[in-house]
Amino acid sequence: MSTKYKKTLLERFRTAALWVKALILAGMGAIPMLSASLSRVYAAPVLPNREARVTTTQTGATFNITFEFDLPTGFANSIQSMEFEFCDQPLGTCTTTQTPTIPAASTVTQNGNWTNATAFGTYTRTNGDNGGTNNQIQVSRTQAANETTATTDRSISFTGLTNQSDPNESYYPRIRIYSDTGFTTLVAEGVVAQSTARQLTVNARVQERLDFCTGVSAVDDATTTLGADCAAVTANGLGNTIDIGVVDASQVCVSGPSNPCETDNTYNGVAMVRTNAFNGVVIDYFAEQNAGSGQLKVAGATCTDFFTTVTDQCFNAADSNSDYSNGANQQTFSAGTERFGMTVAGVNCGSTSAYTCDFSTGSYNLVRDTEYDGTGANTFGTSQGFAWDARGGTTGVDRIASSAGSSVKVVEDEALIMKFAATAGVTTPTGSYTVTSTYIATATF
Amino acid sequence: MLLDRSLQVFDPRANAVTSHTFAFFIQSNNLVGSMAFEYCANNPFFDDVCVVPTGLNLQSASLDSETGETGFTVDALNTTANRLVITRPPTVTNFGPSQFVFGNVVNPTGINQTVYVRITLHGSTDASGPRTDQGAVVFVVSRALDTRAYVPPHLTFCAGITVALDCSSATGFYINLGELSKNSANTGTSQYAAATNDLSGYTVSLYGVTMTSGTKTIPALASPSASMPGTSQFGVNLRDNNVPDVGTEPTGPGTASLASGYAVPNSFKFTSGDILSSANLPTDFNRVTISYLVNASPAQPPGIYNATFTFVAVATF
């Protein structure tokens, strides 16, 4: 904060002088006292381009103040001491109801625009020359060489002042420059102004936000938009069923438009999320249990185990360890070796506009779990294989994506494109197989 | 403000009876005697009217576990369909994480609905009066994805002089047993392979008529019998024989078994329509070698004797 006094204050002085002249003509008896008053106002040349800058005007706050000024035209004196008297008024008797508290000690710094770089190393707090208690800063140095007008914008700063407690109250530091070290020979002076101010508080409510949806879509890449948001995904009329098609031992069937095993329902699964959660969002899933298992199975059939039996009406789940000892681990499929699983082929950024989202360059916030990362790189596909946790319950809830580890954790409509795959063995019993999976988004605010 | 706050709904489907896990970090030391979890369909703002999510019911909810701040029980008196209150003797909270797992929560019925939960901490024991701390979380009632596939029925069967184990090839259909002799047996072989995904497995049967020349026949062995050169006989078996030296053992990963009448080495028989082998479960491929035995007596009328056989594989889906 700074307030410059140039012509305005001088104009006021001139105005005051005109009124005094009029009084002189009107009442000769008042002349001596008024003359003395005028002489006191103009006891020394006025500092031009003077200002006071503060670090805060908040009531009750501690602040630093910087005084900056030029020297009067023709100035050729040393400056060995200065006074800064803080008053409620710019002139006359000094009262201190609105002035800041001056510290007993302060850090004094000056800029490089002084003709002589000698620091004003002596800081003293005193009572004001015109009134007040501990409202005046005195600094001095031993430097007899002249300061000149060759440089401008001299400044000196003080730390540790404290604003008084009322807002919108003005105060006036009166600056006096002395050529001697004893605050005796006044060579320049000036008054600046400052004020406390009421702080403005801006309130806004941003509510916690989480939009999450699952569905199916014909989108088969990371760039084509799925729609503006979740409302578009759930309203696309395609339902929530992914059909892998007619599965036999001759090939691996993978859902989506390129699935050779299905001609009608050529869709991928989609999970889209939007959140402003500061700590991010995680997406988990679990397989709904049917007759005690979450495998792709004939409804009602009893499954012998998760990974081994190929003669029951249950597809073996994809887990490279075949034991869930480390959760569901991704594995590639071989045609004829009975397996079922899922992977996230890519993170679709087609509906994201609030920030740069580009799957191919790795610029996205929703990161796939390693076991459900289709390619292990920022490429769309399923070359790394599939995984499936068929256990259900709290044990079988598996994570497929998270933004909690990203540098930017909020997410705008990034969507996981999920592909489901199956291959039958020679002995996989005939039948219609189904499994239902539920997806959970948990945001941490 | 409660920090690092989240709500994990175990099963977020509409109308599910499930558990809700709340986690948050308390960053104050205040006297807390109760907490309230108010579910609202409209927004998370604490001083706004709360619109009750349709179908939600917290009145049977249970506090299944608590960590961090503990000693709470469900305040049934002050718990409503959408506001769950837990209570304890007022205790000063500690800086740190807390977690509360509530079971038996009935989710709202609106699919894709966003639900806000306003969490408030109070010095009172009934969640009334001033809040000492607060924070909101959000969850979404989502729908599940259904995945389906169809596995068609298959019975893969092939027969020939030689066949590949997986029926990828089958060659030959004619066996020439040569000139019959009273001094030694005449033999030949053919093969078949089969696999099925029929839950009941499959059977393979052999149909045909014994070696015939016009009206003259070589008698078929009605029961398993050894080879007797000089005695007119016709029969088959499915094993590796050494008297005479003909045939090989069945091969393949399948679980098919041989019919008892044709499963004894060096014993031969033939009855048209007999089952040669079968499996009673879905089975991978087995390849079976059929050994054909013909002996002729000195009195066997001369002629060209032949026989045509048909293999029939059956699965019941």
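Throughout, read-outs are computed from the coordinates displayed, never taken from laboratory work. Keep in mind that this is a model prediction, so the values were computed, not measured. Positions of Cβ are backbone-derived with ideal geometry, glycine not excepted, and every protein chain shown enters the neighbour counts.
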Quick one: work out Rg over Rh on the C-alpha atoms of segment A:266-312, Rh as Kirkwood radius. 1.18
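Given that compact globular proteins tend to follow 2.2 N^0.38 Å, what is the ratio of the alpha-carbon Rg of the protein assembly as shown to that value?
1.74
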To the nearest 20 debye, the protein assembly as shown has a Cα-centred charge dipole, built from +1 on Lys and Arg Cβ and -1 on Asp and Glu Cβ, of 1760 debye
10 Å-binned pair-distance histogram of segment B:173-317 (Cα, whole percent): 12, 42, 31, 12, 3, 0
Quick check on the protein assembly as shown: helices-only [θ] at 222 nm, where DSSP H runs of length 4 and up contribute -39,500 (n - 2.57) each and the sum goes over total residues. Nearest 500, please. -1500 deg cm²/dmol
Using a 10 Å cut-off on Cβ to Cβ distances, tally the other chain neighbours for every residue of B:2-15 and report the average as a whole number. 5
Of B:HIS122, B:GLY135, B:ILE111, which is farthest along the charge dipole of segment B:81-177 in the positive direction, counting Lys and Arg as +1 and Asp and Glu as -1 at C-beta? B:HIS122
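Out of every Cα pair in segment A:179-338, what percent are spaced more than 23 Å from each other?
Tail of the P(r) past 23 Å holds 63 percent of the pairs.
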Could you list log10 I(q)/I(0) for chain B at q = 0.12 Å⁻¹, which the Debye formula gives when each Cα is one point scatterer? -0.78
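Write out the chymotrypsin sites (Phe, Trp or Tyr not before Pro) in segment B:57-146 meeting two conditions: DSSP loop, and at most 11 other Cβ atoms within 10 Å of their Cβ.
B:PHE95
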hull vol. (C-alpha, convex hull) per residue for segment A:205-274, Å³ -> 98 Å³
Rg in Å to one decimal, and Dmax rounded to a whole Å, for segment A:346-389 via C-alpha atoms: 11.2, 34
List the extent of the Cα atoms of segment A:283-398 along each of their three principal axes, largest first, rounded to whole Å. 48, 29, 25
Got a sec? Charge dipole of segment A:200-270, +1 on Cβ for Lys and Arg, -1 for Asp and Glu; which of A:GLY237, A:GLN251, A:LEU210 is way out at the positive end? A:LEU210
Per the rule of 0.36 nm per residue minus the C-alpha distance, extending A:THR184 to A:PHE307 adds in nm 34.3 nm
If the convex hull of the alpha-carbon atoms of segment A:98-145 is projected onto planes in all directions, what is the mean projected area in square nanometres? 4.4 nm²
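Quick check on segment B:39-167: what does the Kirkwood estimate of hydrodynamic radius come out to from the alpha carbon pairs, in Å?
Result for segment B:39-167, one decimal place: 18.4 Å.
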The residues A:ILE283, A:ILE156, sorted from fewest to most surrounding Cβ atoms within 10 Å, come out as A:ILE156, A:ILE283
Could you work out the percent of alpha carbon pairs in segment B:140-239 separated by over 17 Å, rounded to a whole number? 69 percent
Debye equation applied to the C-alpha atoms of chain A, log10 I(q)/I(0) at 0.06 Å⁻¹: -0.54
First select every other residue whose beta carbon is under 15 angstrom from the beta carbon of A:SER255; then total the charges, Lys and Arg +1, Asp and Glu -1. -3
Whole-number D in µm²/s for segment B:127-183 (Stokes-Einstein; Kirkwood sum over Cα pairs; 10 °C, 1.306 mPa s): 78 µm²/s
Per-selection Kirkwood Rh - segment B:27-97 (Cα, Å, 1 d.p.): 13.4 Å
May I ask which residue of B:VAL17, B:THR91, A:GLY112 lies farthest towards the positive end of the charge dipole of the protein assembly as shown, with charges of +1 (Lys, Arg) and -1 (Asp, Glu) on Cβ and the Cα centre as origin? A:GLY112
